[in-house]
Amino acid sequence: MKSILKFLALFVVIFTILPHSFAQQKEDMIYLMDGSQKKGRVVSIGDDVVKFSYTGEDVQYELKKLTVSKIVFANGREESFASGSSTGNLNTNVAKASTAGNLLAVIPFEVVSNEAGLTTDAMRREIQQSCIDALKSRGLSFQIQEARTTNAALSKAGIAYADIANHTPDDLAKLLSVDYVVLGVYDIENKGSMSYGSGVATYNDKKQENKSKGTVVQSNNSYTSTNYDTKVQLSIYDSNGRQLFSDSRRPFMGSLDSYKGALKTLSKRIPLK
């Protein structure tokens, strides 16, 4: 009888433990230096970056290896990155990376048009701010540098808005002390104008002593519409000059400010968390 009771007790213990073992972690856990965590699947570990995908997603993301504290894989294996650097400067680099975070700067857009009056610094800044607003609406974890700060740094460096295309993304990132830069081009072509009009004539008839007298009153309405063909190109680079994202959007109905809707659409396509 005692042996039967022992067997039943062992049976209960086994079935109590089994659910917990099956409920163990089925995903890789990435622990960052700033204390945050990311859950998903580690795709690869390189010299500088760790590539991973969030659970349920196929898109791959990159993390700077210096910002990773450790990885606990789904099978239970743990790999730590907090020590062991061939350069001997890992702690310093980690501190810098943790302090800098994911700071992103949007550069004033390049404007290309067959209408010279549109390629102004004011319009470049307007599109720059519209891009910042579109990115902020995504609720990304990036810190976005204020446009005034970005533009002031460019001005102090003697870089005019029209000359930005002559500088590489990594140079701009180092100049602005940011981790990522957003570069964009707004193409706007004046396709010509069309005028529309309409006229209405009204006859006022007056009778006096069996005689008819009248006057004709005519009104004309006209307006002119300018047709534009527009396209927005948006690219994101890291501080090493690597292109992380590039896409374009051509609005169906072109207008001077059609870049606003295009930037909102492009911001939703950015595969960054």
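The values are calculated or read from the model by the stated rules, or taken from the named source; none is laboratory data. Nothing here was measured: the structure is a model prediction, and the numbers come from that model. We place every Cβ from the backbone using ideal geometry, glycine too, and count neighbours over all the protein chains shown.
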Answer yes or no as to whether I144 is under 28 Å from K268 (Cβ atoms), touching a Gly at 6+ places or on another chain (Cβ under 9 Å) and surrounded by 19 or more Cβ atoms within 10 Å (Cβ to Cβ).
no
Members of region 128-168 that are part of a loop (DSSP other than H, G, I, E, B), closer than 15 Å to Y180 by Cα and not hydroxyl-bearing (S, T, Y):
L140, F142, Q145, E146, H167
Failed condition for D28, given (1) at pLDDT 55 or above; (2) farther than 14 Å from A74 by Cα:
(2)
For region 44-59, check the following and say yes or no: at least one residue is over 30 Å from V232 (Cβ atoms) and at pLDDT below 80.
yes
Of the residues in region 105-140 that are among the β-branched types (V, I, T) and in contact (Cβ under 8 Å) with a residue 60 or more places away in the chain, the one that is farthest from S239 (Cα to Cα) is V112
Matching entry among A201, A262 (being part of a helix (DSSP H, G or I), of a type in the set (A, V, I, L, M, F, W, C) and either modelled with pLDDT of 90 or more or loosely packed, with under 14 Cβ neighbours inside 10 Å (or both)):
A262
Checked pairs for region 141-169, first in contact (Cβ under 8 Å) with a residue 60 or more places away in the chain, second of a type in the set (A, V, I, L, M), C-beta under 7 Å and 6 or more apart or across chains, list as F142/L104; P169/V181; P169/L183
Of all residues in region 225-250, how many are surrounded by fewer than 18 Cβ atoms within 10 Å (Cβ to Cβ) and of a type outside the set (S, T, Y)?
10
Filter region 149-172 down to the residues that are surrounded by fewer than 17 Cβ atoms within 10 Å (Cβ to Cβ) and under 14 Å from F109 (Cα atoms) and list them by number.
A160, A162, D163, I164, A165, N166, H167
Among (1) modelled with pLDDT under 70; (2) in contact with a Leu (Cβ under 8 Å, 6 or more places away or on another chain), the one test that M194 misses
(2)
Whichever residue in region 130-153 is small (G, A, S) and under 11 Å from the mean Cα position of the chain (by Cα) and, among such residues, is nearest to Y259 (Cα to Cα):
A134
Considering region 169-188 alone, what residues qualify as being under 18 Å from the mean Cα position of the chain (by Cα) and not in a helix (DSSP H, G or I)?
V178, D179, Y180, V181, V182, L183, G184, V185, Y186
